[in-house]
Amino acid sequence: MSIKILHPKVSSQIAAGEVVERPSSVVKELVENAIDAGASNITVEADAGGIDRIRVIDNGSGILKNEILLAFERFATSKISMAEELETISTLGFRGEALPSIAAVSKTSLVTRTESDNGGTFVEFKGGTHIETRDVPAPSGTIVTVENLFHNLPARRKFLGSTSTESHQIQSIVSRYALAKPEIKINMSINGKLMISSSGSGSLQEAISEIYGSETAVQMLTIPPNSSEISISGMIGPGSLNRSNRNRINLFINGRWVSDRKLNYSIESAYHGFLKERRFPVAVINLQVPYEDVDVNAHPSKTEVRLKHEGQIFGALQKAVRETLISDSPIPHFGSDSIYNVQPHFQIEYTKKHPINETQESQISNQEFTKNTNTNRIQTLMPSKALPALRILGQVHSTYIVSEGPDGIYLVDQHAAHERILFEDIMTKSITDLINSQSLLEPITINLDYRQAEIAQLHQELIRNLGFDYQDFGDNTYILRAVPSALHKDDPDKMFTDFIDLMAEGGGFKTWREKAAYSMACHGAIRAGKIMTQREMTELIQLLESCKQPHTCPHGRPTIVQITRSLLEKEFGRT
Ligand code: ADP
Ligand code: MG
């Protein structure tokens, strides 16, 4: 066959295929246009999964009478005019492809009026062909109606999911915009039924409540403002609020929803220790980065982006999420309708690789307090960071301290709590502060492998300050004379090498001081299984109270969980 330039009809359908993959892509493009037009109110309607009809109504700028037909030309856009502007795109659209692509594969009509025009204009296209233009009365703004999608592309139509699948996709796209733009009032109905209604109040928490429910919203943690060039804002759920898939990870770059595996991974990895494996968090995060550092023109659907300082952004994102989790984690509580439903989630499942057998207790479950799906009860959470005044009642399983507090029963994991105490204790000491050390009856010789020896050498001062007195004897042999008094002394050789191994592992910490503190805390903390006296328990709780982040151990697992009074009342049928 000889080479021919395709007929415009064919080429426009091919181009349309890239932009308009399915009904939800139409919704996405039209909603983005409404947002770009500065709308404060957007209504989306879809019938039969959007295949029969999609309508998007906005109160934005409208299109000037004499530009309406132009808007349906390929590569016609009001958003950029020069190639250089591609570098600094601040609008969601810019390719000028959506309206012509949508019109090419459906019957599309548009009613629009700008503030300055007296009346509105109606235009209609069928399979890309202009059918009619006429004056109509209209409020200012734009209404786009797309009917009979893919009527002229039976192959594409065949590949669509069921109407409920397509409706679901539409709903998830609109939800994302409601989360990205809490200042815009967004309503969406499917087959006439209102599915999404956001107030447009500007509050992200309110938007989250409208999309995911109030119970999720009250648990969300705010990412504190940061001052770097990459500004990260939004809200994330605590680890206790988790899902079996990534659907509730919403990441926006400069207000644009993006789907990026690596960025999602930096969020997920920040939850290390807070979430069980194969569970995913709830997050709504916007990254504001300089426009010239993002290339949004990587894909026709614009959901993939290329970032200039990728590594830096990944790091900043992970850090922001991690710090929010650690500093703000409220006391988790049994929140299910029935405590009997909760119990199975309390199995020991924390599977983090841990080189030390003696500290198996630190493998105690990373509890999963699954969300409540069928109640709208708003649960009040403890204000973050503060520990309530607790009256100790006793110990169960030689592992948990049971206490009464202002709102119910509080269980403290003695090992996790002590880890937190030891960790902060070391971190608040000055570098030269010596930690109590105890001489061994007889010095012992220790052989280290080359990695261990490297750490023992490089961080000698740090490790010595923690209470290990040792000396290099050459050939990776060391003489150990004293160990920290806080550590168990049964097998000093093993204790020392385990300490160094765990320090090398680092527990996700950055500085060597933190790594050493983490290792000390893991080793030195009271084990699960140890019976504690009332006095010891009181002392432990007092020390925990004085911690800066008393609610989690250094790995991020909870030190304390709560059974609220209201849950007790509910379980006993008092409400
Ligand atoms: P792009 O959004 O990439 O510019 P589109 O094909 O989506 O391309 O839209 C073409 C142009 O039509 C836009 O640049 C804008 O000027 C105008 N337009 C489209 N939808 C609207 C709307 N809802 N309100 C105001 N103007 C609109
Ligand atoms: Mg557009």
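The values are calculated or read from the model by the stated rules, or taken from the named source; none is laboratory data. If you're wondering where the values come from, they're calculated on a predicted model, not measured in any experiment. Here Cβ is always computed from backbone atoms with ideal geometry, including for glycine, and neighbour counts include all displayed protein chains. These area figures cover heavy atoms from the full protein model, side chains too; ligands, DNA and RNA do not enter into them. Shrake-Rupley method; radii C 1.70, N 1.55, O 1.52, S 1.80 Å.
Once the convex hull of the alpha carbons of the chain is built, what does its volume come to per residue, in cubic angstrom?
204
If you line up the long axis of helix 163-180 against the longest principal axis of the chain, both from Cα atoms, how many degrees apart are they, to the nearest 10?
Roughly 70 degrees between the two axes.
Could you check the simple spin-label distance between Leu70 and Asp472, using points 7 Å along Cα→Cβ, in nm with one decimal?
About 7.4 nm, to one decimal.
How much length is gained if the chain between Trp512 and Ala389 is pulled fully straight, taking 0.36 nm per residue apart and subtracting their Cα-Cα distance, in nm to one decimal?
Between Trp512 and Ala389, full extension yields 40.8 nm more.
What list of ³J(HN,Hα) couplings, whole Hz, do you get for the stretch 22-27 from phi and the Karplus terms 6.51, -1.76, 1.60, once you set θ to phi - 60° and write x for glycine and proline?
Per-residue couplings from phi come out as 7, x, 5, 5, 5, 4 Hz.
Leaving ligands, DNA and RNA out of it, rank Trp512, Trp257 by accessible area with a 1.4 Å probe, largest first.
Trp512, Trp257
Apply 1/(1 + (r/R0)^6) to the Cβ-Cβ distance of Gln460 and Thr428, taking R0 = 30 Å, and write down the FRET efficiency to the nearest 0.05.
0.85
Net charge within 12 Å of Ser12 by Cβ-Cβ distance, Lys/Arg positive one each and Asp/Glu negative one each, not counting Ser12 itself?
-1
Of all accessible surface on the stretch 8-197 at a 1.4 Å probe, what whole percent is carbon and sulfur?
Its accessible area is 51 percent carbon and sulfur atoms.
Solvent-accessible area per residue for the chain at a 1.4 Å probe radius, Å²?
Accessible area per residue: 47 Å².
Under a plain spin-label model, where a point goes 7 Å from the Cα along Cα-to-Cβ, how far apart in nm are Ile531 and Ile479?
With each label point 7 Å from Cα toward Cβ, the separation is 4.2 nm.
Hey, which of these cross-link pairs are over 24 Å Cα-Cα: Lys262/Lys319; Lys126/Lys158; Lys510/Lys548; Lys185/Lys319?
Violating the 24 Å Cα-Cα cut-off are Lys185/Lys319.
So between Glu229 and Ile444, what do we pick up on full extension, going 0.36 nm a residue minus the alpha carbon distance?
Roughly 72.2 nm would be gained on extension.
Where in the stretch 495-534 is the amide nitrogen less than 20 Å from a point lying 7 Å along the Cα-to-Cβ axis of Lys319?
506-518
What is the calculated FRET efficiency for Glu132 to Ser162, with r their C-beta to C-beta distance and R₀ = 30 Å, to the nearest 0.05?
Calculated value: 0.35.
Only four residue types carry charge here, +1 at the Cβ of Lys and Arg and -1 at the Cβ of Asp and Glu. Report the dipole size of the stretch 8-197 about the Cα centre in Debye, rounded to the nearest 20.
Taking the Cα centre of the stretch 8-197 as origin, the dipole is about 620 debye.
Tell me which of Met82, Val296, Gly96 sits at the most positive position along the dipole axis of the chain, charges placed on C-beta atoms (Lys, Arg +1; Asp, Glu -1).
Looking along the dipole axis, the top candidate is Gly96.
Taking a ≥ b ≥ c as the square roots of the eigenvalues of the Cα gyration tensor of the stretch 487-566, is the shape rounded (a/c under 1.5), prolate (a/b larger than b/c) or oblate?
oblate
Which percent, to the nearest 5, of DSSP beta bridges fully inside the chain are antiparallel?
Taking every DSSP beta bridge within the chain, about 85 percent pair in antiparallel fashion.
Compute the distance in nm between two label points, each set 7 Å from the Cα along the Cα-to-Cβ direction, one at His397 and one at Asp52.
Placing both labels 7 Å along Cα→Cβ, they lie 5.4 nm apart.
Can you give the angle from 0 to 90° between the axis of helix 261-270 and the longest principal axis of the chain, with both taken from C-alpha atoms, to the nearest 10?
30
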